2 protein chains.
Amino acid sequence: MAGMLFTRHVTLSLQQNSRLLLPCGRYISQAAAKKNVDFEYDGPLMKTEVPGPRSRELIKQLSTIQNTDAVHFFCNYEESRGNYLIDVDGNRMLDLYSQISSIPIGYNHPALKKVLQQPQNLSTFVNRPALGILPPENFAEKLQESLLSVGPKGLKQVITMSCGSCSNENAYKLIFMWYRNKERGQAGFTKEELDSSMINQSPGCPDYSILSFMGGFHGRTMGCLATTHSKAIHKLDIPSFDWPIAPFPRLKYPLEQFVKENQDEEARCLEEVEDLIVKYRKKKKTVAGIVVEPIQSEGGDNHASDDFFRKLRDIARKHGCAFLIDEVQTGGGSTGKFWAHEHWGMDDPADVVSFSKKLMTGGFFHKEELRPKEPYRIFNTWLGDPSKNLLLSEVLNVIKAEDLLNNAVQSGKVLLDGLLDLQSRYPHLLSRARGRGTFCSFDTPNDATRNKLILQARNKGVVIGGSGDKSIRFRPTLVFKEHHAHLFLNIFNDVLADMK
Amino acid sequence: MAGMLFTRHVTLSLQQNSRLLLPCGRYISQAAAKKNVDFEYDGPLMKTEVPGPRSRELIKQLSTIQNTDAVHFFCNYEESRGNYLIDVDGNRMLDLYSQISSIPIGYNHPALKKVLQQPQNLSTFVNRPALGILPPENFAEKLQESLLSVGPKGLKQVITMSCGSCSNENAYKLIFMWYRNKERGQAGFTKEELDSSMINQSPGCPDYSILSFMGGFHGRTMGCLATTHSKAIHKLDIPSFDWPIAPFPRLKYPLEQFVKENQDEEARCLEEVEDLIVKYRKKKKTVAGIVVEPIQSEGGDNHASDDFFRKLRDIARKHGCAFLIDEVQTGGGSTGKFWAHEHWGMDDPADVVSFSKKLMTGGFFHKEELRPKEPYRIFNTWLGDPSKNLLLSEVLNVIKAEDLLNNAVQSGKVLLDGLLDLQSRYPHLLSRARGRGTFCSFDTPNDATRNKLILQARNKGVVIGGSGDKSIRFRPTLVFKEHHAHLFLNIFNDVLADMK
């Protein structure tokens, strides 16, 4: 602990000095500019290998309680700032992974600290209500000023949940209920339905399905997991449903050189979607909905064209399936639009849109026609957490005040251009550089090289993540600026040069 | 809003006055006694019908965003204190339902407010980490001083989750992995397993099952929902698994009069459990685990004897099934022991115990032999929330300092004795009064009478809840004292007298 304090002092004094020397590295929060000038660190500062000795000690300690094989290192969140994550050994790293894409406006943003410090907010953090039965006075108002102020086109209903998996699980349930109601018409539940549902049997529990895509990731609870197909280790040994799985386009890059091939590939996948809908209807496992990520964000950062998604949406409409866009990872602004599906430019993009991560709370928006008619059908004790809605309101204020969507476009352009440049210089290490906003990625030759690149980068002070079996993904915060992108590219260039 | 402020002032000034007049109603937090004397209100104070005009207005407003048919009324959490919930119309109610059993030590407990006010805690609320990869420095330490300090006997491993459903979903997954590993022996995953798991098929996704009980409630995500059998409305229209469902004993009261009948009933249910395990193994839907609540807390407050559970645990062991005790509602102290299963007096009560609600965070404890060998198998972005662990630490301090388990025994005795007395005087309205600690309930003749009793009680200033199809359940906080029980009984006596 004494060592920690010492490190902290060194870090802070270095920051003070370098702030004067390198004003380009300064970060000023626009939202708080009037009263508050907040400084980020000026760059990475490495003291040990990562994980360092203190992290290794803590990993050992935590290992007595749970499996820690996924732990990268332990963090000092108190000292972390903006895009800089500090570990318990005093290493300061530029973070382009941001807690698996879940930190919207950087560490310790002053606007969020203020939310905690305001006495009128205290009760919201201390008294977590059962939102479905006893909401707080400002519940609807807070939903209006937070989630509904960024609601996707045409979706005026919203339900909050505690995490991404619960969001998709409940979105699927909503879709199943809606579909069954369409079939049922005006009739109420039959006695046979009521009785059979209690013992998991049809007709009460019908044999419906959700169509998903190979490579997709929608969560790890058992409904979600039946639609997740990113890695076997997520799914092994867990019973599942026989639901249709369509191929997701595997585009060739650079896109402009493979226009025809990619169009054919997307047409093939869409045809397969329609075939599966027909086939599963015949199998009596009717497809009630289609779920898709705008960018497959765990399964390899797989993109498809806007046209692919527009046609997919049309297929859903044609066959009477609900269209659910899973924006758990893509939502919140890093693609340069608040929702990635806005890039498709559609008037009626979706029936349901799920979210979590950067939005601090899980949940989903949906059309009014999907709204449950009875109480307690989409329900649980907490149904989200108003303290997270409070934080989200402030995050949205900062996004607007600091023009962070535009920032994602600009810093994303620097990042992607830089990756394309690196790709041309290190073609044996990088390929298929791609992205939207800062939501970028590239492929490496194989898993081993990918993992080596991630570790080498970390030891040089930048945190990046893997995606799929050999891709590297970038998921920086929304306060990731052009100069951060330049800084990353310089460091990563060194990493690549060393790998030669 | 002006009306609200006025109401608030009236409430506060009434509180000031009545505090002097009625010292018996005073509530002093022992934990905070040295520096802080905190007052609860002295009793209910009703100004309008519930929901009152302001609640009705807010319900209308929220109705534009989501179905509000389950909303009871809107709350003023800022002004709520201890066992008293205040609504937006200024009605002050004695709360014996505590947000579906999820408020451990009352509203606005000073110890919890202090957690929020301490500057060193701020970062924990502002920077929610991806716990599985980048835990904060004090993560293991906080788990030790919070969850592990109350860990069930023999369960040294713990994993946190964001809600009760996710806790059970992941506990089921853990059980399936463990079971498959037993079958697999030392062999690794086969290529066939890896490939088939990606498309939801066996052997990668085996046809395992979890045995549950009719009347049980274990959550609403699709894995949990396959084991939930409390009400049809929870399950209708949602695809499910063909998993075995055993009858849960339906005991006759008073227990001392029906010893033989109840023993026979429990023996019948246990026999059925064994039959189902054999039958489902033959059907190739091997029972990997059994899940049970110590008291069926949603499905009608159904109790069984300690002996029943001991025998059930033996059956699980005999057939090699994991035994999962779902303590989401019963855990946390209101039965008079921290875990309800402690009443069974066993050395080896469980393989897995899940929790949520009063523990502020979801999660589950488990034996070391169930620990996953590989990373990322029990995983999600957040894996709980360290800010909830902070609050839980403080809750546990208060439980110890204020001797709240013992308090639950004492106030629970007053409550149950009172209910038995009311039952003898109003036998046409109350029957089967039962409970452990304050975790009490009774039956009413039917759903309509039950709901009328709940509404009448509310309008007289006490909040109680329904359970199953005709029971009323009590789920007060742990700071519910004997005098609160007396107060409730007096008011409820009036309600019953009016129903005559």
Among the residues of segment B:155-190 satisfying the criterion of being among the β-branched types (Val, Ile, Thr) and under 19 Å from residue A:65 (Cα atoms), which is surrounded by the fewest Cβ atoms within 10 Å (Cβ to Cβ)?
B:158
Which numbered condition in (1) at the interface with another protein chain (Cβ under 9 Å from one of its Cβ atoms); (2) assigned to a helix (DSSP H, G or I); (3) under 33 Å from the mean Cα position of the chain (by Cα) is the only one that residue B:195 fails?
(3)
Which members of segment A:336-356 meet the condition of being farther than 21 Å from residue A:476 by Cβ and among the aliphatic types (A, V, I, L, M)?
A:346, A:350, A:352, A:353
Please determine whether any residue of segment B:124-144 is part of a helix (DSSP H, G or I), in contact with a helix residue (DSSP H, G or I) (Cβ under 9 Å, 6 or more places away or on another chain), more than 10 Å from every other protein chain (Cβ to nearest Cβ) and surrounded by fewer than 24 Cβ atoms within 10 Å (Cβ to Cβ).
yes
Inspect all residues belonging to segment B:203-216 and state whether any of them is at pLDDT below 95, more than 7 Å from chain A (Cβ to nearest Cβ) and over 30 Å from residue A:182 (Cα atoms).
no
Being closer than 18 Å to residue A:220 by Cβ and within 34 Å of the chain's Cα centre (by Cα) narrows B:154, B:164 down to just B:164
Just for segment B:350-377: of the residues that are more than 8 Å from chain A (Cβ to nearest Cβ) and more than 20 Å from the chain's Cα centre (by Cα), which one is farthest from residue A:127 (Cα to Cα)?
B:369
I'm trying to understand the selection: among the residues of segment A:447-487, which are of a type in the set (D, E, K, R) and closer than 19 Å to residue A:417 by Cβ?
A:473, A:475, A:481, A:482
Tally of residues being under 15 Å from the mean Cα position of the chain (by Cα), over 19 Å from residue B:427 (Cβ atoms) and touching a residue at least 40 places away in the same chain (Cβ under 8 Å) across segment B:441-475
7
Which one is farthest from the chain's Cα centre (by Cα), of the residues in segment A:175-185 that are more than 8 Å from chain B (Cβ to nearest Cβ) and basic (Lys, Arg)?
A:184
Cβ-Cβ under 6 Å pairs, at least 6 apart or on other chains, segment A:182-197 side of a type outside the set (Lys, Arg), far side assigned to a helix (DSSP H, G or I):
A:194/B:232; A:197/B:232; A:197/B:235
Being among the hydrophobic types (A, V, I, L, M, F, W, C), closer than 30 Å to residue B:203 by Cα and more than 18 Å from the chain's Cα centre (by Cα) is the requirement here; does residue B:292 meet it?
no
Return the residue satisfying two criteria in turn: it lies in segment A:468-500 and is over 25 Å from residue A:52 (Cα atoms) and touching a strand residue (DSSP E or B) at 6+ places or on another chain (Cβ under 7 Å), and of such residues it is surrounded by the most Cβ atoms within 10 Å (Cβ to Cβ).
A:479
Taking the criterion of being within 18 Å of residue B:94 (Cα to Cα) and part of a strand (DSSP E or B), would at least one residue in segment B:446-461 satisfy it?
no
Considering only residues of segment B:117-148 that are touching a residue at least 12 places away in the same chain (Cβ under 8 Å) and among the hydrophobic types (A, V, I, L, M, F, W, C), which is farthest from residue A:75 (Cα to Cα)?
B:147
All-but-one check, residue A:158 against (1) within 9 Å of another protein chain (Cβ to nearest Cβ); (2) aliphatic (A, V, I, L, M); (3) in contact with a strand residue (DSSP E or B) (Cβ under 6 Å, 6 or more places away or on another chain); (4) farther than 17 Å from residue A:395 by Cβ, failing number (4)
Name the single residue, out of those in segment B:219-275 being of a type in the set (Lys, Arg) and over 26 Å from the mean Cα position of the chain (by Cα), that is surrounded by the most Cβ atoms within 10 Å (Cβ to Cβ).
B:268
Meets criteria (in contact with a Lys or Arg (Cβ under 7 Å, 6 or more places away or on another chain) and more than 7 Å from chain B (Cβ to nearest Cβ)) for residue A:188
no
Scan segment A:83-95 and give yes if some residue there is at pLDDT 95 or above, within 14 Å of another protein chain (Cβ to nearest Cβ), assigned to a loop (DSSP other than H, G, I, E, B) and touching an Asp or Glu at 6+ places or on another chain (Cβ under 7 Å), otherwise no.
yes
Of B:226, B:232, the only residue that is within 23 Å of residue A:211 (Cβ to Cβ), hydrophobic (A, V, I, L, M, F, W, C) and facing chain A (nearest Cβ under 9 Å) is B:226
Against the definition (touching a residue at least 12 places away in the same chain (Cβ under 8 Å), more than 7 Å from every other protein chain (Cβ to nearest Cβ) and within 21 Å of residue B:407 (Cα to Cα)), how does residue B:98 come out, yes or no?
yes
For segment B:201-218, how many residues are buried (at least 20 other Cβ atoms within 10 Å of the Cβ) and assigned to a loop (DSSP other than H, G, I, E, B)?
8
Mind listing whichever residues of segment B:310-334 are farther than 18 Å from residue B:168 by Cβ, out of contact with any Leu (no Cβ under 9 Å at 6 or more places or on another chain) and crowded, with 23+ Cβ neighbours inside 10 Å?
none
Exception for residue A:475 within (1) more than 28 Å from residue B:132 (Cβ to Cβ); (2) outside any helix (DSSP H, G or I); (3) among the charged types (D, E, K, R) falls at (1)
So, in segment B:235-257, how many residues would count as being more than 7 Å from chain A (Cβ to nearest Cβ) and either in a loop (DSSP other than H, G, I, E, B) or charged (D, E, K, R) (or both)?
10
Scanning segment A:405-417 residue by residue, those under 15 Å from residue A:338 (Cα atoms) and out of contact with any Gly (no Cβ under 6 Å at 6 or more places or on another chain) turn out to be A:406, A:407, A:410
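The values are calculated or read from the model by the stated rules, or taken from the named source; none is laboratory data. Predicted, not measured: the structure shown is a model, and the values here were computed from it. Don't worry about glycine lacking a Cβ; one is built from the backbone with ideal geometry, like all the others, and counts go over all protein chains shown.
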